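S.K.: Take this structure first; my questions come after.
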Amino acid sequence: MKNSKFLLGIAAAGVMSLALSGCAGDRTGGSTGGDGGGDEAGGIVGVAMPTQQSERWIADGENVQSQLEELGYEVDLQFANDDIPTQVSQIENMISSGAEALIIASIDGTTLTDVLQQAADAGIPVIAYDRLINGSPNVDYYTTFDNFQVGVQQATSLLIGMGVFDENGERTDAAGPFNVELFAGSPDDNNAGFFFNGAMSVIQPLIDDGTLVVPSGQTAFEQVAILRWLPETAQERMENILTIIGDTQIDGVLSPYDGLSIGIISALTSGGYSTDALPVITGQDAEVGSMKSIIAGEQYSTIFKDTRLLAEQAVSMVDALLSGEEPEVNDTETYDNGEKIVPSYLLESTIVTVDNYEEVLFDSGYYTAEDLA
Ligand code: BGC
């Protein structure tokens with residue numbers, strides 16, 4: 001109840017972006033059937049996804065595939081089990097088997113330079129999906145969420161949960177000090193730095209003025225990053241922190257991804273926290289397991305990123321490129337991959353807690369009540 005006004009505002013922004021992006025993506029809507037939409041479409045599109053270990057990437061893969069197929073494309077969808085050589089060879093195979101465009105969510109954003117040169121030599125356009133591909137001039141477009149803002153939202157919800165911010169995101173008179181521990185994502189994923197920097201833009205001033213304390217003393221990205229976003233690694237790190245800080249009670253944990261939050265919660269409960277007295281813990285992706293945890297009062301918040309809309313953007317970019325048109329972008333400044341600024345289309349994300357999940361996730365049709373039962 002208490003946070004509903006602030007969260008509603010954020011949800012409304014999300015709905016607006018949904019409506020806007022619905023317009024932008026009209027060509028990919030699929031509701032026109034085969035005839036209405038000028039279906040000279042065809043050809044193979046290679047879709048390289050990082051892993052099936054996390055629900056979001058499975059949903060991304062399925063959404064991209066079905067939307068491309070509705071437009072008449074053939075889809076070669078591959079998941080690489082978070083293994084870099086596997087992803088490289090999957091993309092090589094896509095190129096040699098005649099893909100006309102590539103949509104790639106990379107594992108390590110710096111390891112695709114050679115294979116993308118092969119794509120460029122064969123005249124195949126490349127869309128970076130969700131994660132920027134670094135160090136290559138051969139990335140034509142990028143679609144993602146506003147990743148810095150995702151981090152801002154994670155920190156904001158952490159502070160609302162702890163009572164440092166009110167429901168509008170304004171500073172309360174809670175003096176603290178509050179004990180927080182920080183986690184970041186995989187250092188080879190370009191997004192991880194954006195999430196962390198966005199979060200720290202909110203958190204650092206409160207560390208500086210003494211409202212927040214990090215008992216482990218670990219605040220640098222390199223100290224808090226979790227390679228490959230592995231839940232087990234986050235669990236281990238949380239266990240180590242508990243050993244270092246002894247009896248000090250933790251009030252909040254900045255976690256950048258639901259999978260990590262699950263590992264963190266396991267470490268806390270085995271370390272003596274009861275499930276009804278956990279610190280405020282954030283997340284990302286609104287995965288089913290973590291939504292159930294939020295409903296059960298364990299995890300506090302997550303960030304919902306509508307993968308259907310991201311798929312729609314990627315598909316409309318491919319469709320435009322293969323139809324000789326220019327894809328729509330809304331950011332030409334933020335995403336410098338070391339070789340160029342990659343023209344991007346950014347979507348908005350939404351903070352989800354127990355107070356607004358029904359409205360955000362059920363009303364948009366992302367989940368049904370049974371999915372989370
Ligand atoms: C994505 C997040 C996801 C994380 C782990 C990031 O690149 O943007 O949505 O939580 O990878 O899969």
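We did not get these values from a lab; they are worked out from the coordinates using the rules stated. Fair warning: this is a prediction, and the values are worked out from it, not measured in the lab. Counting neighbours? That spans all protein chains shown, and the Cβs are built from the backbone with ideal geometry, glycine included.
S.K.: Could you work out how far apart the two model spin labels at D371 and I245 are, taking each label as a point 7 Å from the Cα in the direction of the beta carbon, and quote it in nm?
M.R.: It works out to 3.3 nm between the two label points.
S.K.: Amide H neighbours of L347 under 5 Å, counting only residues 5+ apart in sequence or on other chains, H built in-plane at 1.01 Å?
M.R.: Amide H neighbours of L347: T144, F145, D146.
S.K.: Using alpha carbon centroids, what distance separates the stretch 237-282 and the stretch 157-184, in Å?
M.R.: 16
S.K.: Sticking with this structure for a sec: Between Q204 and Q118, what length comes free when the chain is fully extended (0.36 nm per residue of separation minus the Cα-Cα distance, one decimal in nm)? Walk me through the numbers on the way to the answer.
M.R.: Values: separation 86, 0.36 × 86 = 30.96 nm, distance 4.30 nm.
Value of the extension gain: 26.7 nm.
S.K.: Moving to a separate point now. What nm distance separates the two modelled labels at K340 and D173, each placed 7 Å from Cα along Cα→Cβ?
M.R.: Roughly 5.6 nm, to one decimal.
S.K.: Taking 0.36 nm per residue of separation and subtracting the Cα-Cα distance, what length does fully extending S323 through E92 add? Could the numbers behind the result be given before it?
M.R.: Numbers: separation 231, 0.36 × 231 = 83.16 nm, distance 2.38 nm.
Length gained between S323 and E92: 80.8 nm.
S.K.: Okay, next question. Whole percent per 20 Å bin, from 0 to the bin with the longest distance: what is P(r) over all C-alpha pairs of the chain?
M.R.: 30, 56, 15, 0
S.K.: Same structure, new question: May I ask you to list the GluC sites (Glu not before Pro) in the stretch 81-179 that are in a DSSP loop and have at most 12 other Cβ atoms within 10 Å of their Cβ? Kindly include the intermediate steps, with their values, before the conclusion.
M.R.: Working: sites: E92, E100, E167, E170; in loops: E167, E170.
When the GluC sites (Glu not before Pro) of the stretch 81-179 are filtered for loop state and at most 12 Cβ neighbours within 10 Å, E170 remain.
S.K.: Okay, moving on. Going by Cα centres, the stretch 58-75 and the stretch 188-231 are how many Å apart?
M.R.: Cα centroid to Cα centroid, the span is 35 Å.
S.K.: Still on this structure: Please sort through the DSSP H helices of the chain and keep those with an alpha-carbon extent of at least 15 Å along the long axis and a Kyte-Doolittle average not below 1.0.
M.R.: Details: long enough: 4-24 (29 Å, 1.55); 55-70 (22 Å, -1.27); 84-96 (18 Å, 0.13); 147-162 (23 Å, 0.67); 190-208 (26 Å, 0.54); 231-245 (21 Å, -0.27); 258-270 (18 Å, 1.19); 307-322 (22 Å, 0.90).
Going by DSSP H runs, the hits are 4-24, 258-270.
S.K.: Can you tell which of D130, D285, D173 shows the greatest fluctuation in a Gaussian network model of the chain with Cα springs below 10 Å?
M.R.: In the Gaussian network model the winner is D173.
S.K.: Another question, then. What residue among S274, S106, S266 shows peak mean-square fluctuation when the chain is described by a Gaussian network model with Cα springs under 10 Å?
M.R.: Looking only at S274, S106, S266, the largest GNM fluctuation is found for S274.
S.K.: Who wins for biggest fluctuation among I103, I207, I351 in a Gaussian network model of the chain, springs between alpha carbons below 10 Å?
M.R.: Among I103, I207, I351, the largest GNM mean-square fluctuation belongs to I207.
S.K.: At most 13 other Cβ atoms within 10 Å and a DSSP loop assignment: could you name the trypsin sites (Lys or Arg not before Pro) in the stretch 253-356 that fit? Working shown, then result.
M.R.: Numbers: sites: K292, K305, R308, K340; in loops: K305, K340.
Answer in residue order: K340.
S.K.: With a cut-off of 8 Å between alpha carbons and a minimum separation of six or more residues, what is the relative contact order of the chain in percent? Don't jump to the answer; show the numbers that get you there.
M.R.: On the way: 741 pairs, mean separation 72.9, N = 373.
Computed over the chain, the figure is 20 percent.
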